[in-house]
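Each value in this text was obtained by applying a stated rule to the coordinates, not by laboratory testing. Quantities reported herein were computed from a predicted structural model and do not represent experimental measurements. Here Cβ is always computed from backbone atoms with ideal geometry, including for glycine, and neighbour counts include all displayed protein chains.
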Amino acid sequence: MTWHGHGQLVIYWLFDLDSLKWSVRNLVSHAEQAIEDVINDCLRSSPSNSDNISAHARRDAPGVYLYADTAATDDSTSTEDSSLDNKIMLGKMASLGFKIKHGFSYHGIAINLNCDLSSFNAINPCGYAGMQMLRLSDFVAMQTDSEQTEPESQTGQQMSDSFSYETVTQKLIDNIAKRHAGLIELRAIAPK
């Protein structure tokens with residue numbers, strides 16, 4: 001079970017898996033990795049984010065989660081490291097829910113951008129009791145609805161330091177389109 005509401009980015013993946021030669025596992029992995037790519041890009045681009053936070057999928061629970069790196073903050077550590085050994089899970093930022101019928105995928109993904117997370121308290125998100133849900137706006141500056149419609153009220157620096165819903169949506173659509181076209185290959189899934 002999940003919740004959808006204002007402040008979430010919900011995208012439906014309507015793909016012909018047979019023509020793409022994708023298994024259900026491929027579909028889930030592409031979705032998770034597209035979300036990881038976009039969230040990590042936002043985290044890296046945000047001047048307010050510390051370098052030790054990164055997005056990763058988990059083998060044992062579909063979705064995308066944020067992790068804090070507990071290793072030393074020297075140049076040898078990287079947010080791109082696929083190992084989760086030195087990381088502490090902070091919570092879940094994105095959920096997946098697919099239905100496959102006659103080789104076609106239905107439904108899709110939901111990323112918490114700037115939503116009221118209290119609605120998740122009434123459910124067990126994706127069946128996980130006590131799962132901490134997160135939103136991107138707690139880690140990077142997100143433009144509010146009024147800021148998106150009134151850009152003249154912001155300085156150039158404020159606009160470049162924050163992300164709009166449209167920017168995040170376009171980044172995700174571009175990543176998904178490249179995956180659909182075979183331009184982005186699946187990465188190995190990180191160990192548990």
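Evaluating 6.51 cos²θ - 1.76 cosθ + 1.60 at θ = phi - 60° for every residue in the stretch 31-39, the Karplus couplings come out as 4, 4, 5, 5, 5, 3, 4, 5, 5 Hz, glycine and proline recorded as x. Bridging of Lys178 to lysines at a Cα separation below 26 Å is possible for Lys21, Lys92, Lys99, Lys101, once same-chain residues fewer than 8 apart are set aside.
Counting neighbouring beta carbons within 10 Å and listing from fewest to most, the residues His107, His56 come out as His107, His56.
Under 5 Å from the amide H of Trp13 lie the amide H atoms of His107, Gly108, Ile109, each residue being 5 or more positions distant or on a separate chain, with H modelled from the backbone and absent for Pro and chain starts.
Annotation: amide H of Met133 within the under-5 Å range of Lys92, sequence separation 5 or more or interchain, hydrogens built in the peptide plane.
In this structure the amide hydrogen of Leu113, modeled in the peptide plane, comes within under 5 Å of the amide hydrogens of Gln8, Leu9, Leu136, none closer than 5 places in sequence on its chain.
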